[in-house]
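None of the figures in this text is laboratory data; all of them are computed from the coordinates on show. Remember, predicted model here, so these are calculated numbers, not experimental data. Every residue, glycine as well, gets a Cβ built from its backbone with ideal geometry; the counts of neighbours run over all protein chains shown.
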Amino acid sequence: MNRNKKISLELAYRLGTERLEKAGVPDSGIDAWYLLEYVTGIGRAAYYADPGREMDVTQWDDYERFIDIRCRRVPLQHITGEQEFMGLRFHVNKNVLIPRQDTEILAETALDILEKADKAHGSREKKVRLLDMCTGSGCILLSVLHYFGDRAEGNGSDISPKALETARENADSLGINAEFIESDLFENITEKYFMILSNPPYIRSSEIPKLQEEVRLYDPIEALDGKEDGLYFYRRIAAESPRHLETGGYLLVEIGCDQAKAVAGLMKEQGFKDICVKKDLAGLDRVVCGRYY
Ligand code: GLN
């Protein structure tokens, strides 16, 4: 691109979209838009008020650089360093799974259960305790704590110390008090909880090569791979969580859309009761929950 040429927002948007499209990036227009907004700070209303407005040279340089990075299928969230989840902003990087919208079902189901339990109990002396296992960015634990307020407290655990660094950073920037524990599943978990939540790795190893490049190359593989049949982590979580649940406590897990029956079966085998399945916005099975008495 000619360095002396003035580039309008409109032209930059068009050039960015074209370049992404040529590289085969899905939703090229949307991503070109996000990157333009990210480098210029100009929102939609201001853009449409004056699309011919020129960009600074440094903004254009940044924009071109980011478009090139996105052409290599680096996820948008790794360029901007953030992802929204449950209306909150989370820092993300290559050490954590980028929060997915589907996972909001897990957080919402948890909040529903907590609200109902809270009403049934009246005022509790003790806060309810939550554990988010395989917490990654911390998005599940932190959003539930944010919306349920100081009636709950919680731990997030993960096998990856680098993921926990990001989770702690998110807790700090959201102003939430949470304690994070480095642990291979229940290895270093000593307490009991009212609710254990988890979005463990659940993709069958044989399916990993078929994932889209953004996921396959840039999400941490240890956050995706559920081993041979995709159920490895559910088996262990269902077997080991009863020891860490209070009487009547809940286990809630996110699942792949074809895993509801298998995961409900695993939980039943371990003595869980009141098992239910929740669907996501696409109508696919997404969460299995059960209670342990
Ligand atoms: N839902 C994620 C995906 O589709 C997988 C997350 C997981 O394995 N927990 O890539």
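Details
- Counting only alpha carbon atoms, the long axis of helix 139-148 and the longest principal axis of the chain meet at about 70°.
- Values of log10 I(q)/I(0), in the order q = 0.15, 0.16, 0.17 Å⁻¹, for the chain under a Debye, Cα-only, solvent-free model: -1.11, -1.21, -1.32
- Between V25, V92, V144, the GNM of the chain built on Cα springs shorter than 10 angstrom shows V25 fluctuating the most.
- In a fully extended conformation the segment linking K127 and D61 would gain 18.7 nm over its present Cα-Cα distance, using 0.36 nm per residue.
- Spin-label model distance (nm) - N188 vs A239, 7 Å beyond Cα toward Cβ: 2.3
- In the elastic network of the chain, a GNM with C-alpha springs shorter than 10 Å, the most mobile of L281, L252, L164 is L281.
- Secondary structure note: in the chain, about 45% of the DSSP beta bridges are antiparallel.
- Unit charges on C-beta of K, R, D, E only; dipole of the stretch 242-293, Debye: 120
- Members of K94/K127; K94/K261; K210/K268; K94/K192; K119/K278 lying beyond 28 Å, as alpha-carbon distances in this model show: K94/K127; K94/K261; K210/K268; K94/K192
- Phi angles of the stretch 239-253 translate, via the Karplus equation with coefficients 6.51, -1.76, 1.60 and θ = phi - 60°, into HN-Hα couplings of 6, 9, 6, x, 5, 10, 10, 5, 4, x, x, 10, 10, 10, 10 Hz per residue; Gly and Pro are given as x.
- Cut-off 12 Å between beta-carbons: net charge of the residues surrounding K210, Lys and Arg +1, Asp and Glu -1: 0
- Largest-first principal axis extents, alpha carbons of the stretch 13-165, Å: 60, 37, 25
- For G156, the residues 5 or more places off, or on other chains, whose built amide H falls under 5 Å of its own are D132, E179, F180, I181.
- Set of lysines near K6 by C-alpha distance (under 30 Å), chain-local residues within fewer than 8 positions excluded: K22
- Two-site FRET efficiency, R72 against L211, from Cβ-Cβ distance with R₀ of 22 Å, rounded to 0.05: 0.85
- Per-residue ellipticity at 222 nm, computed for the chain from helices alone with -39500 (n - 2.57) per DSSP H run of at least four residues, works out to -12500 deg cm²/dmol.
- Fraction of alpha-carbon pairs over 21 Å apart in the stretch 201-288 - percent: 35
- Couplings 3J(HN,Hα) for the stretch 173-186, derived from phi with the Karplus relation 6.51 cos²θ - 1.76 cosθ + 1.60 (θ = phi - 60°), are 6, 8, x, 10, 8, 8, 10, 10, 10, 7, 7, 7, 6, 8 Hz, where x marks Gly and Pro.
- Three-way shape label, the stretch 130-255, alpha-carbon gyration tensor, a/c 1.5: oblate
- Checking every one of the GluC sites (Glu not before Pro) in the stretch 192-293 against DSSP loop status and a limit of 11 other Cβ atoms within 10 Å picks out E228.
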